[in-house]
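Okay, structure first, notes after.
The values are calculated or read from the model by the stated rules, or taken from the named source; none is laboratory data. Computed from a predicted structure; not experimentally measured. Virtual Cβ from ideal backbone geometry, glycine too; neighbours counted across all protein chains shown.
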Amino acid sequence: MSKDKIERKEGDPLGNVQRIPVGFPPIVREVIKRHVGVLGNSESEVVKNIVLIYLTERGLLKTQTTKTREGRK
């Protein structure tokens, strides 16, 4: 197993999770740090949750999940 992938349980709607290294300018990093404890327990959880919230609000996550489920049938 690659160190960049985390295996998930069978039937998990998100499937295998892949880590993606990202960099942020200092001002964005400060915003992320201020939200630790509010949007997640670590900086990485805060970033993950911000991305998931954004995708959900735009309807992109639901659309992708539906397409994935339809493809499995």
For Pro25: the one exception among (1) at pLDDT 90 or above; (2) out of contact with any His (no Cβ under 7 Å at 6 or more places or on another chain); (3) surrounded by 10 or more Cβ atoms within 10 Å (Cβ to Cβ): (3)
Among (1) exposed (fewer than 12 other Cβ atoms within 10 Å of the Cβ); (2) at pLDDT 90 or above, the one test that Leu60 misses: (2)
Residue count for the range 32-52, restricted to those that are part of a loop (DSSP other than H, G, I, E, B) and either in contact with a Pro (Cβ under 7 Å, 6 or more places away or on another chain) or surrounded by 14 or more Cβ atoms within 10 Å (Cβ to Cβ) (or both): 2
Pairs where the first residue, in the range 39-55, is more than 15 Å from Ile20 (Cα to Cα) and the second is surrounded by 15 or more Cβ atoms within 10 Å (Cβ to Cβ) and modelled with pLDDT under 95, C-beta under 6 Å, 6+ apart: Leu55/Leu61
